[in-house]
Amino acid sequence: MSLYSPLTDRSYRDPVLVMCLEGWIDAGLGAGAALAALLANRESDRVGLWDADELIDHRARRPVLRIVDGVATTLTWPEVELRATVDDDAHDVLVLMGPEPDMRWHAFCDSVVEVARTHGTRLVVGLGAFPSPVPHTRPVRLVSTAPNRELATDVGFITGGIDVPAGAQAALEHALNAAGIPAVGLWARVPHYVVSMPYPAASAALIDGLAAVAHLNLPSHDLHEAAARARDRIDELIAASEEHRSMVAQLEIQADRETPEDRPGFDPASLPSGDEIAAELERYLRGDGPR
């Protein structure tokens with residue numbers, strides 16, 4: 001039994017497949033807002049669905065019941081779907097979206113590989129965002145996960161080695177690359193003190209990175225405008241606290257250095273925690289002001 005059910009037999013010309021699954025790390029809602037911007041103000045069609053009963057634990061991701069005047073009107077189930085749209089130059093773009101599967105990852109990866117192969121996908125790009133000790137006063141930098149140095153170098157990467165828990169998109173990247181379909185993950189580094197609220201600068205960087213890597217024409221003007229407004233609000237809060245100003249200054253020094261040897265005296269442990277700063281930002285944005 002196939003996990004995937006196509007809803008159309010339409011063909012596509014060298015499409016790019018964009019992956020953005022909910023449930024794994026998405027600091028500042030960077031990837032989710034980038035996906036929303038990608039699909040906003042342009043038509044998209046549902047191409048196919050994966051069998052949610054085979055992939056989703058519905059006790060962990062419950063359907064949503066809408067009740068109007070005591071009447072249960074609709075029940076909306078979580079769905080993993082494939083949508084199709086185009087960029088501003090009419091290049092085909094496929095989008096894999098929905099909740100990250102809770103089970104059967106191997107079978108899901110095999111299914112996505114087959115779908116990508118069937119549609120002649122030329123490149124797969126995953127979107128994500130993670131917390132990082134970086135300042136909001138510097139442009140968001142992307143890093144990549146890729147099967148080879150050439151793809152990674154096009155975006156940037158973190159030197160050295162590290163073992164981290166992987167999401168389904170990482171499993172998909174490996175499966176796709178093993179099948180000969182190039183796949184790369186784009187990750188926005190989000191200041192650790194704003195991860196609990198929308199950070200549109202990360203979303204703008206992801207859209208710009210996707211456009212550059214996949215050679216697509218994707219506008220990001222609205223996201224950059226939203227990022228400028230968010231920057232002003234964060235600046236105002238930071239300016240009200242000497243401790244926060246000092247933290248940002250240290251992060252700026254770190255961000256402007258290219259190697260660890262150029263960062264004398266920087267001690268991340270001396271920074272206020274992300275939770276502390278985020279709590280004050282949330283109070284500020286509610287209108288309560290800093291403590």
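Each value in this text was obtained by applying a stated rule to the coordinates, not by laboratory testing. If you're wondering where the values come from, they're calculated on a predicted model, not measured in any experiment. FYI the Cβ positions are ideal-geometry reconstructions off the backbone, even for glycines, and counts take in every protein chain you see.
With the simple spin-label model, which puts each label point 7 Å out from Cα in the Cβ direction, the residue 240 to residue 66 separation comes to 3.8 nm. With an a/c value of 1.5 or above and a/b not larger than b/c for the gyration tensor axes a ≥ b ≥ c computed over the alpha-carbon atoms, the stretch 59-100 is described as oblate.
Could you calculate the contour length gain from residue 229 to residue 249, that is, 0.36 nm times the residue separation minus the distance between their Cα atoms, to one decimal place in nm?
Details: separation 20, 0.36 × 20 = 7.20 nm, distance 2.07 nm.
Computed gain between residue 229 and residue 249 is 5.1 nm.
Residue separation of residue 179 and residue 88 scaled by 0.36 nm, minus their Cα-Cα distance, works out to 29.8 nm of gained length.
Net charge in the neighbourhood of residue 188 (other residues with Cβ under 11 Å of its Cβ; Lys, Arg +1, Asp, Glu -1) is 0. What is the sum of charges around residue 93, taking Lys and Arg as +1, Asp and Glu as -1, for the other residues whose C-beta is under 13 Å from the C-beta of residue 93? Charge balance near residue 93 sits at -3.
Counting Cα-Cα pairs of the stretch 1-159 in 10 Å increments starting at 0 gives whole-percent bin shares of 9, 32, 36, 18, 5, 1.
Placing dummy labels 7 Å off each Cα toward the beta-carbon, the span from residue 114 to residue 57 is 2.6 nm. 3J(HN,Hα) along the stretch 201-213: 4, 5, 5, 4, 5, 5, 5, 5, x, 4, 4, 6, 5 Hz, from the Karplus curve 6.51 cos²θ - 1.76 cosθ + 1.60 with θ = phi - 60°, whole Hz, x for Gly and Pro. I want the local charge near residue 204. Using Cβ-Cβ distances under 13 Å, sum +1 for each Lys or Arg and -1 for each Asp or Glu among the other residues. That sum, taken over residues with Cβ under 13 Å, equals 0.
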